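Values quoted throughout were computed directly from the atomic coordinates according to the rules given, and no laboratory measurement underlies them. Note that this is a predicted model, so its numbers are computed, not measured. Neighbour counts run over all protein chains shown; Cβ positions are idealised from the backbone, glycine included.
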Amino acid sequence: MSSETPTKTVTVALILCVVFSFLVSTTAVVLKDKISYNQEIDLKKNILLAAGLIEKGSVSAKQVEEAFKKVEPIVVDLESGEKTSLSPEDVNIKTDVKFSDKSTAIEPSNDVAGLGRRPKNATVYLVKEEGALQGVILPIVSKGLWSTMYGFLALAPDTKTVKGFGYYEQGETPGLGGEVDNPSWKNQWVGKEIFNTEWEPVFKLKKGSVSSSDEGKEHMVDGLSGATITSEGVTTSIQYWLSQNGFGPFLTKIRNGEY
Ligand SMILES: Cc1cc2nc3c(=O)[nH]c(=O)nc-3n(C[C@H](O)[C@H](O)[C@H](O)COP(=O)(O)O)c2cc1C
């Protein structure tokens, strides 16, 4: 005759539940610091990669920390372009748009990139060497076909010449919109100019390939083939974020030597 009874089975199940939930929560607590450190290193790595300050490949956390020493994160008020007293931990480019006190609705006539809302404050990164400004790195949010894409655009101190660009998060189709991650395509951005002589953000992805005879080729990179919607999302978001409704006021201050 079996010695199993319903009471015994339930007791064993309960003990297992308690033991495993204790193990899982202990592991989560023990690893919490490690996870947030890794997330911090990952963010720094993405910023440095987009700016071309490190090469893609195996870079240790120590190398990331070392390279990041010349990067100064500051939180700016988008409307005024002024530095705020907030710290980068106080703002979140992804989630602030969900809160009415942390973001504002974009006027439909200005919402060229279809973003709907923008944060009031955002973290930007000043690249400095011995106190002299070497560049600035801006967060960029773009709407693709399937996903919201998050990346960084690095500019020279003249605020118009691109030093580097890259998304660290996107969900477009590999081989189509996903080509936003293609290193040779991203290399095309380096040296291009975002603004025209009137300081209008005219940079765009051309439908097709940029040729040496194209007028305004200094403001263009190739469009992504078979991915017109993703390409449009990249173009319109760069034009939005670099406009007076995005980082325009901050970039004016950079040009005036205020940073
Ligand atoms: C499975 C599948 C995946 C697609 N992925 C993308 C994409 O990531 N980005 C994009 O812009 N278009 C994508 N498209 C194509 C769009 O539906 C649309 O046809 C295209 O953007 C038009 O671009 P074209 O004028 O260059 O052909 C995809 C289409 C299919 C069938």
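About the Cα centre, and with charges only on the beta carbon of Lys, Arg (+1) and Asp, Glu (-1), how big is the dipole of the chain? Nearest 20 debye, please.
Numbers: 28 positive and 33 negative charges, 90 e Å.
Value, rounded to 20: 440 debye.
For the chain, what is the relative contact order in percent, using Cα pairs closer than 8 Å and at least 6 residues apart in sequence? The partial results should precede the final answer.
Working: 419 pairs, mean separation 41.5, N = 259.
After rounding, I find 16 percent.
When the Karplus curve 6.51 cos²θ - 1.76 cosθ + 1.60 is applied with θ = phi - 60°, which whole-Hz ³J(HN,Hα) does each residue of region 204-209 get, with x for Gly and Pro?
Karplus-based 3J(HN,Hα) across region 204-209 equals 7, 8, 7, 6, x, 9 Hz.
How far apart, in nanometres, would the label points at residue 99 and residue 26 be if each is projected 7 angstrom from Cα along the Cα-to-Cβ direction?
The modelled label-to-label distance comes out at 3.5 nm.
According to the Cα gyration tensor, what semi-axes, each the square root of 5 times an eigenvalue, does the equivalent ellipsoid of region 1-88 have, listed from largest to smallest in whole Å? If you can, show how the numbers build up before the last one.
Values: eigenvalues 501, 71, 19 Å².
For region 1-88, the ellipsoid semi-axes come out as 50, 19, 10 Å.
With θ set to phi - 60°, apply the Karplus curve 6.51 cos²θ - 1.76 cosθ + 1.60 along region 151-166 and write out the HN-Hα couplings as whole Hz, x wherever there is a Gly or Pro.
x, 9, 10, 9, 10, 6, x, 6, 6, 10, 8, 6, 9, x, 8, x
Defining a contact as two alpha carbons under 8 Å apart and six or more residues distant in sequence, what relative contact order in percent does region 137-238 show? The partial results should precede the final answer.
Values: 200 pairs, mean separation 27.5, N = 102.
About 27 percent, as a whole number.
Which length gain, in nm to one decimal place, applies between residue 258 and residue 132 when the Cα-Cα distance is subtracted from 0.36 nm times their residue separation?
So the chain would gain 44.2 nm between residue 258 and residue 132.
To the nearest Å, what is the center-to-center distance of region 4-76 and region 153-229, using C-alpha atoms only?
Region 4-76 and region 153-229 have Cα centres separated by 33 Å.
In whole angstrom, how long is each semi-axis of the equivalent ellipsoid of the chain, when you take the square root of 5 times every eigenvalue of its Cα gyration tensor and sort them from largest down? Before the final figure, lay out the partial values.
On the way: eigenvalues 344, 102, 77 Å².
After diagonalising the Cα gyration tensor, the semi-axes are 41, 23, 20 Å.
Among the GluC sites (Glu not before Pro) in region 175-208, which ones are in a DSSP loop with at most 15 other Cβ atoms within 10 Å of the Cβ? Mind listing them? It would help to have the intermediate numbers written out before the result.
Working: sites: 179, 193, 198; in loops: 198.
Within region 175-208, the qualifying GluC sites (Glu not before Pro) (loop, at most 15 other Cβ atoms within 10 Å) are 198.
Assuming 1.306 mPa s and 10 °C, estimate D for region 110-259 with Stokes-Einstein, Rh taken as the Kirkwood radius over Cα pairs, in µm²/s.
On the way: Rh = 15.6 Å.
It comes out at roughly 102 µm²/s.
In debye to the nearest 20, how big a dipole does region 1-155 give about its Cα centre with +1 on each Lys and Arg Cβ and -1 on each Asp and Glu Cβ?
Values: 18 positive and 19 negative charges, 84 e Å.
In debye, rounded to 20, region 1-155 gives about 400.
Per-residue ellipticity at 222 nm for the chain, helices alone: DSSP H runs ≥ 4 residues times -39500 (n - 2.57), over residue total, nearest 500 deg cm²/dmol?
Details: 5 runs with 79 residues, N = 259.
It comes out at -10000 deg cm²/dmol, rounded to the nearest 500.
Under a 10 Å cutoff between Cα atoms, tell me which one of 133, 14, 205 has the largest fluctuation in the Gaussian network model of the chain.
14
Determine which lysines satisfy two conditions relative to residue 102: a Cα distance under 19 Å, and not lying fewer than 8 residues away in the same chain.
Within reach: 83, 94, 120.
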